[in-house]
1. Scanning region 39-50 for residues that are outside any helix (DSSP H, G or I) and either touching a strand residue (DSSP E or B) at 6+ places or on another chain (Cβ under 7 Å) or in contact (Cβ under 8 Å) with a residue 24 or more places away in the chain (or both), which turns out surrounded by the fewest Cβ atoms within 10 Å (Cβ to Cβ)?
2. Looking only at residues that are assigned to a helix (DSSP H, G or I) and touching a strand residue (DSSP E or B) at 6+ places or on another chain (Cβ under 9 Å) in region 51-67, which one is surrounded by the most Cβ atoms within 10 Å (Cβ to Cβ)?
3. Inspect all residues belonging to region 22-33 and state whether any of them is within 9 Å of the chain's Cα centre (by Cα), within 17 Å of residue 3 (Cβ to Cβ) and either in a loop (DSSP other than H, G, I, E, B) or modelled with pLDDT of 95 or more (or both).
4. Starting from region 52-65, take each residue that is farther than 16 Å from residue 26 by Cβ and list its partners that are part of a strand (DSSP E or B), counting only C-beta distances under 9 angstrom and pairs at least six apart or across chains.
5. So which residues in region 15-36 are under 26 Å from residue 67 (Cβ atoms) and out of contact with any strand residue (DSSP E or B) (no Cβ under 7 Å at 6 or more places or on another chain), if there are any at all?
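The values are calculated or read from the model by the stated rules, or taken from the named source; none is laboratory data. As the structure is a prediction and not an experimental result, all values here were calculated from the model. Glycine also receives a Cβ, built like all others from the backbone with ideal geometry; neighbour counts cover every protein chain displayed.
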């Protein structure tokens, strides 16, 4: 079964921003960002698009499926 993975931790490091800063920018709690980064929570399409837009990336540059 495929699992949704992401590059949030890497992208945050590149921009030198905290989970809190990202959370506020996309309108969620820091705990939600923690859960997404840990692959414990798959964001809605809307949230995934907001996160990708925040980093100036295409959706598939931030989120991907892993077998």
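1. Filtering region 39-50 for residues outside any helix (DSSP H, G or I) gives 39-44.
Next cut, either touching a strand residue (DSSP E or B) at 6+ places or on another chain (Cβ under 7 Å) or in contact (Cβ under 8 Å) with a residue 24 or more places away in the chain (or both) only: 39, 42.
Numbers: 39: 13, 42: 15.
Across region 39-50, the extreme among qualifying residues is 39.
2. Let us first name the residues in region 51-67 that are assigned to a helix (DSSP H, G or I), namely 51-55, 59-62.
If we keep only those that are touching a strand residue (DSSP E or B) at 6+ places or on another chain (Cβ under 9 Å) too, we end up with 51-52, 62.
Details: 51: 23, 52: 19, 62: 21.
Filtering first and then ranking leaves 51.
3. Going through region 22-33, the residues within 9 Å of the chain's Cα centre (by Cα) turn out to be 22, 33.
Then keep just the ones that are within 17 Å of residue 3 (Cβ to Cβ); that gives none.
For region 22-33, residues within 9 Å of the chain's Cα centre (by Cα), within 17 Å of residue 3 (Cβ to Cβ) and either in a loop (DSSP other than H, G, I, E, B) or modelled with pLDDT of 95 or more (or both): absent.
4. Taking only residues 6 or more apart or on different chains, the pairs are 64/4; 64/5; 64/6; 65/3; 65/4; 65/5.
5. Kept after step one, since they are under 26 Å from residue 67 (Cβ atoms), are these residues of region 15-36: 32-36.
Those that are under 26 Å from residue 67 (Cβ atoms) and out of contact with any strand residue (DSSP E or B) (no Cβ under 7 Å at 6 or more places or on another chain): 32, 33, 34, 35.
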